[in-house]
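Asker: One structure is given below, represented as structure tokens, and several questions about it will come after.
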Amino acid sequence: MKDTAVSLSLAQLPSRALSGERAADFLALTKPRVMLLAVFTALVGLVVAPGHRDPLLALVAMVAIAAGAGAAGVLNMWYDADIDAVMARTSRRPIPRGTIARGEALAFGLVLACSAVVILGFAANLTAAALLAGTILFYVVAYTMWLKRRTPQNIVIGGAAGALPPVIGWAAAGGGVGLEPLILFLIIFLWTPPHFWALSLNRADDYGRAGVPMLPVVAGRAATTRQILIYSGALLPISLLPWALGLAGALYGLAAAVCGGTLVLLARQLDRRRDADRGTAQRLFAFSIVYLFILFAALLASNGSDRWPPMRTGGAASIAVDWAQASSMAHPAQTARDPATLARGGI
């Protein structure tokens, strides 16, 4: 009996191993590394948003956002299976290898996407759920199915999808959609072209063979490095806005200045080297990942306990009135004795 049991266990090992490999392949379809970066920025948006939220519901919301980001990756791989099979960088993905059928990937992606949107709607609110649904649709339909194969600006326009996670996190916390999450959106939106173009510089032959009109393929290396420098330069002042507007502390301001300056220096170094310098492009690509992580980690550390205050929408006049009210409260007797001050608006 004991020998029979051992034989049965050994016979079951291949099927169990196969099942584990299938699970790993389905996980690979979600693009875990890309998903983790999106989830981290969404988490920062959720934590630094004003107000307080239930920890359990916040955890469920983050799981839903992670599932939504994973679903976008699955559906991207489902549609791009023909391109992935041609490119060396992606030829070992599950669908080109034949370990996952395209129909299976499509079903998995749709179920994951729909579940993520519904769960986020219940755990957070309809605004966050709608933003998640819109992000998935934009990434799959606008970027994957349309822009990626038709224009060298695919990364620029399609980058809007990758820039939305912190906005979704902010909305999930009940913070609405205002200036603060818009700044976070702009930071990632401007970061995306230098990040992906630095990668594509060393993969131009791959993209060209697959017929994908990435900027290095269509416009050449010099034009691409110049665009990388332009976007990196534009990113630096935008990344400083949270600190400049008083929405983040000195720690964030220092991180944004140092990391942003480093990114610009690397972009300038890349632009000045007209030859096929693969090392500089690879360093810029690698640093761009570190850059985004440090920037959002600094924002989280700077605002983890102090939520961003809601921004005023009344402009300078609103600020002047607030200042006047604060002054009158601090010196009520002086204000009462000085009607000329009141006539001038309390300033």
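Asker: Could the peptides 281-288, 29-36 be put in order, highest first, of the mean number of other beta-carbon atoms found within 10 Å of their residues?
Answerer: For the peptides 281-288, 29-36, the packing ranking is 281-288, 29-36.
Asker: While we're on this one: Counting pairwise Cα distances across region 23-89, what percent come out greater than 14 angstrom?
Answerer: Working: 1430 of 2211 pairs.
Pairs farther apart than 14 Å: 65 percent.
Asker: Here is a further query. Can you work out D for region 175-291 in µm² s⁻¹ from Stokes-Einstein, where Rh is the Kirkwood radius over C-alpha pairs, the temperature is 4 °C and the viscosity is 1.567 mPa s?
Answerer: 87
Asker: Now for a separate question. Report the FRET efficiency, 1/(1 + (r/R0)^6), for GLU21 and ARG278, where r is their Cβ-Cβ distance and R0 is 25 Å, rounded to 0.05.
Answerer: Efficiency for this residue pair is about 0.15.
Asker: Moving to a separate point now. Can you order the peptides 129-136, 98-105, 191-198 by their average number of other Cβ atoms within 10 Å per residue, highest first?
Answerer: 191-198, 129-136, 98-105
Asker: Take the alpha carbon atoms of region 138-160, find their center, do the same for region 241-275, and report the distance between the two centers in whole angstrom.
Answerer: 26
Asker: Which three lengths, in whole Å and largest first, does region 189-247 cover when its Cα atoms are put on their principal axes?
Answerer: Between the extreme Cα coordinates on each principal axis of region 189-247 lie 48, 18, 14 Å.
Asker: Fewest to most neighbouring Cβ within 10 Å: what's the order for ILE188, ILE119, ILE228?
Answerer: If I rank by nearby Cβ atoms, fewest first, I get ILE119, ILE188, ILE228.
Asker: Determine, from the Cβ-Cβ distance of ILE238 and ASP205 and an R0 of 35 Å, the FRET efficiency 1/(1 + (r/R0)^6), rounded to the nearest 0.05. Kindly include the intermediate steps, with their values, before the conclusion.
Answerer: Details: r = 33 Å, r/R0 = 0.94.
After rounding, the FRET efficiency stands at 0.60.
Asker: Provide, for q = 0.10, 0.13, 0.16 Å⁻¹, the log10 of I(q)/I(0) from a solvent-free Debye sum over equal Cα point scatterers in region 22-175.
Answerer: -0.35, -0.57, -0.83
Asker: Two decimals is fine: what is log10 I(q)/I(0) at q = 0.21, 0.32 Å⁻¹ for region 116-155, from a Debye sum with one equal scatterer on every Cα and no solvent?
Answerer: For region 116-155, the Cα-only Debye profile gives -0.61, -0.92.
Asker: Give me the percent relative contact order of region 22-175, please, defined on Cα pairs under 8 angstrom at least 6 residues apart. Walk me through the numbers on the way to the answer.
Answerer: Working: 220 pairs, mean separation 57.3, N = 154.
For region 22-175, the relative contact order is 37 percent.
Bear in mind that the values in this text are calculations on the coordinates, not laboratory data. Here the structure is a predicted model, which is why all the values come from computation and not from measurement. Ideal geometry is used to build each Cβ from the backbone, glycine not excepted, and the neighbour counts take in all protein chains shown.
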